[in-house]
1. Among 38-49, 14-25, how do they line up by average Cβ neighbours within 10 Å per residue, starting with the highest?
2. So, with a 1.4 angstrom probe, what is the percent of accessible area on the range 1-63 that is carbon and sulfur?
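The values are calculated or read from the model by the stated rules, or taken from the named source; none is laboratory data. Worth saying up front: this structure is predicted, and the values here are computed from it rather than measured. Positions of Cβ are backbone-derived with ideal geometry, glycine not excepted, and every protein chain shown enters the neighbour counts. These area figures cover heavy atoms from the full protein model, side chains too; ligands, DNA and RNA do not enter into them. Shrake-Rupley method; radii C 1.70, N 1.55, O 1.52, S 1.80 Å.
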Amino acid sequence: MSEIAVVHESYSFACMRCGHGWEQSYVIEHHVDADGREFVQYVVNDQVVPSPLSRPACSNCDNHVIRIMRPGRVASARDAAHRPQPTPPAGPVEVPTAGSDSGAGGAAGVGAEGGQKEVHHWHLSDFLHSFQRKAS
């Protein structure tokens, strides 16, 4: 019997439908069959599983639109979400001038009571966070 080359790899996954995130480590075994052809097996908990790079599925919603990232991305995002957010320092606020390119009639950025609205730059994670189920 020939030697098996073994590699350990981990990936982070995020479902683009429901926002569920998870990480998984794999033992990747490189084999050679009786005809001399090389093949690879992915193993998790001593069970051969499909390659996570072929068609991963979300364990939460069974969707196949999955983002695969380097290991640690899900854990670092969860850690950041649970850290207290620092209070921004007080200081002057930049107010747009009437002549700036602010859209319809120069009213963009002004709230209903005439006060200044804060501009928020949205990221996909802002939307997906509200759909994540907590592990019980």
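1. 14-25, 38-49
2. Carbon with sulfur: 48 percent of the solvent-accessible area.
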